[in-house]
Amino acid sequence: MRKLLISKLFVVLIITTGTYSFSQSFDSPHFTLERIGDGIYAAIHRSGGQAICNAGFVDLGEEVLVFDSFLSTAAARDLKQAIIELTGKPVRWLVNSHSHNDHIRGNQVFAPGASIISSSEIRDYLLKRGKEEAEEEQSYAAGRLVFYQLELQESKTEEEKQLARMWLGYFEAMVETYPDLVITPPDVVFKDTITFYGSKRSATLIEFQHGHMESDIVLYLPFEQILFSGDLVFIGMHPYLADGDPSGLKQTLEALLEWPIKTIVPGHGDVGDKEDIQAMIQYIDMAESMAGELKLQGKTPDDLDVAEIPEPYRDWKFLMFYKANLQFLNDLIKD
Ligand SMILES: [Zn+2]
């Protein structure tokens, strides 16, 4: 009897363990899922995949809120499937953090069914420029895909290979997604802030202006002190400053430093914490002073050697953004 009981317990344990591991993970070639709280997941772009940006989702209790929809419908479909498998609940809301292509191209996977929520600036941008921008991208995507296939073959260092894989995923996403792309703008807009009160938790969206772009939305979970920052924060890689207002972005980041935040899911890079906000502020300070020095010396960012890039930024990913940022800041300085 005792033996039987033990073997029964053993069977139950195996089944329970099996079920537990199934419901806690989801495998996608496009992103890795990181559980950062009960019912709170960060979806982090996987090298070579078609997500390109990070996203995430939050179980509000009866329904799920998703933050950003990736560059491809393939990655967005995986995210939707992950939500079904991990929560068993419907997606009610999809947030668009800003209007860069890698955060919005998977919108059509969630709507209809979910409402897409963002600021009126982001909705207007997609209505005015969305189709035209996608058509432009489609016109060169196939050519660039071939270019990066060759680039990957010829890459010598692991760093070069990583970069070629990133661009391969980027252009593959466009080539595969765009033939069936439907520009799907937000159908709900808010100004300043909006809070969702779910049975499990509340979640707040806050709009900041003149930062990474004209309008950026963050998702804040006050009880868990988790911030989904969109592209206001990049971690371990050069941010892209050239579509926004670097001094406005710095002010926003300084304001965020005052918030109770334990965990940050950045727009790009690994999950981090408040120190990464500080690192972004220091980066902008560094880039502004470098641009000023170049201007004084009558040089352009193209005159810079990699060795002149200060540590630790030399080792950050997306090095190509460094020169683009300096050029942008250089142009902002009045002669
Ligand atoms: Zn962006």
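The values are calculated or read from the model by the stated rules, or taken from the named source; none is laboratory data. Note that the coordinates shown come from a computational prediction; the quantities given were computed from them, not determined experimentally. Here Cβ is always computed from backbone atoms with ideal geometry, including for glycine, and neighbour counts include all displayed protein chains. The area values use the complete protein model at the heavy-atom level, side chains included, leaving out ligands, DNA and RNA. Shrake-Rupley method; radii C 1.70, N 1.55, O 1.52, S 1.80 Å.
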Can you run down the residue pairs with Cβ atoms below 6 Å, 6 or more apart or on separate chains, where the first is in region 129-146 and in a helix (DSSP H, G or I) and the partner is open to solvent by 80 Å² or more (accessible area, probe 1.4 Å) and not β-branched (Val, Ile, Thr)? none
Taking region 277-298 on its own, how many of its residues are closer than 16 Å to Gly211 by Cβ and charged (D, E, K, R)? 2
Selection count where residues are touching a residue at least 60 places away in the same chain (Cβ under 8 Å) and within 16 Å of the ligand (Cβ to nearest atom), scope region 246-270: 6
Please enumerate the residues belonging to region 91-114 that are touching a residue at least 60 places away in the same chain (Cβ under 8 Å), surrounded by 24 or more Cβ atoms within 10 Å (Cβ to Cβ) and away from the ligand (no atom under 16 Å from the Cβ). none
Note: among Asp243, Asp273, just one is surrounded by fewer than 16 Cβ atoms within 10 Å (Cβ to Cβ), among the acidic types (Asp, Glu) and more than 16 Å from the ligand (Cβ to nearest atom), namely Asp273
Of the residues that sit in region 211-232 and are of a type in the set (A, V, I, L, M, F, W, C) and open to solvent by 10 Å² or more (accessible area, probe 1.4 Å), which one is farthest from the ligand (Cβ to nearest atom)? Phe223
Test set (1) open to solvent by 30 Å² or more (accessible area, probe 1.4 Å); (2) within 16 Å of the ligand (Cβ to nearest atom); (3) within 25 Å of Asp270 (Cα to Cα); (4) not hydrophobic (A, V, I, L, M, F, W, C) - Tyr125 fails condition number: (3)
What is the residue count in region 287-319 for residues that are part of a helix (DSSP H, G or I), under 19 Å from Ala242 (Cα atoms) and in contact (Cβ under 8 Å) with a residue 12 or more places away in the chain? 10
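With Thr17, Thr32 as the choices, which residue is open to solvent by 10 Å² or more (accessible area, probe 1.4 Å), at pLDDT 95 or above and either touching a Pro at 6+ places or on another chain (Cβ under 6 Å) or hydroxyl-bearing (Ser, Thr, Tyr) (or both)?
Thr32
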I'd like to know if region 287-301 contains one or more residues that are within 24 Å of Ile116 (Cβ to Cβ), among the small types (Gly, Ala, Ser) and away from the ligand (no atom under 16 Å from the Cβ). no
Do we have Glu132 as more than 16 Å from the ligand (Cβ to nearest atom), out of contact with any helix residue (DSSP H, G or I) (no Cβ under 6 Å at 6 or more places or on another chain) and not basic (Lys, Arg) here? yes
Condition broken by Arg92, with the remaining ones in (1) over 26 Å from Glu132 (Cβ atoms); (2) in a strand (DSSP E or B); (3) under 15 Å from the mean Cα position of the chain (by Cα) satisfied: (3)
Consider Leu71 carefully, then state whether it is among the hydrophobic types (A, V, I, L, M, F, W, C), away from the ligand (no atom under 16 Å from the Cβ) and not in a strand (DSSP E or B). no
